[in-house]
Amino acid sequence: EVFQRAFKAECHHFNGTERVRLLLKRIYNRQQFMHFDSDVGYYVADSPVGESDTRYFNSQPEILDNARSAVDTYCRHNYEVSTPFLVGRQ
């Protein structure tokens with residue numbers, strides 16, 4: 001059998017960089033089993049498969065700090081870098 005693990009990051013920008021939401025999704029065999037939502041501030045299990053990983057991730061301060069800071073280092077940074085190229089093209 002073949003097993004697939006995937007990770008997907010989504011940045012949702014509301015009013016430029018004023019309000020930004022980050023979703024970090026973890027997927028196993030095409031099913032999302034857990035995610036991090038920057039509005040919530042911690043990992044949430046989406047299925048029973050993700051419950052143990054969620055407990056572990058939420059118990060590690062450095063993992064939570066990295067996920068929380070990704071709103072600035074990943075979302076806001078990429079928005080500011082790509083906006084001049086994307087907004088001007090109409």
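Using only the Cα atoms of the chain, what are the Rg and Dmax in Å?
Final numbers for Rg and Dmax: 15.1, 47 Å.
Among residues other than Met34 whose Cβ falls under 15 Å from its Cβ, what is the net charge (Lys/Arg +1, Asp/Glu -1)?
+1
Sum -39500 (n - 2.57) across every DSSP H segment of at least 4 residues in the chain, then divide by the residue count to get the 222 nm mean residue ellipticity, nearest 500.
Details: 3 runs with 29 residues, N = 90.
Calculated at 222 nm, the ellipticity per residue is -9500 deg cm²/dmol.
Relative contact order (percent) for the range 1-77, with alpha-carbon contacts under 8 angstrom and 6 or more residues of separation?
23
Could you tell me which residue out of Asn78, His35, Leu22 lies farthest along the dipole of the chain toward its positive end? Charges go on the beta carbon: Lys and Arg +1, Asp and Glu -1, centred on the Cα centre.
It is Asn78.
Compute a Gaussian network model of the chain, connecting alpha carbons closer than 10 Å, and tell me which residue from Phe36, Phe14, Phe57 fluctuates the most.
Phe14
Leaving out ligands and nucleic acids, and using a 1.4 Å probe, what accessible area per residue does the chain come to in Å²?
Per-residue value: 71 Å².
If I compute solvent accessible area with a 1.4 Å probe over the protein chains, what percent of it on the range 5-87 is carbon and sulfur?
52
Under a crude label model (7 Å from the Cα following the beta-carbon direction), how far is Arg68 from Ala9 in nanometres?
According to this spin-label approximation, the distance is 1.8 nm.
The values are calculated or read from the model by the stated rules, or taken from the named source; none is laboratory data. Please read these numbers as outputs of a predicted model, since none were measured by experiment. So basically every Cβ, Gly included, is an ideal-geometry build from the backbone, and we count neighbours across all protein chains shown. The accessibility values were calculated without ligands, DNA or RNA, using every heavy atom of the protein model including side chains. Shrake-Rupley method; radii C 1.70, N 1.55, O 1.52, S 1.80 Å.
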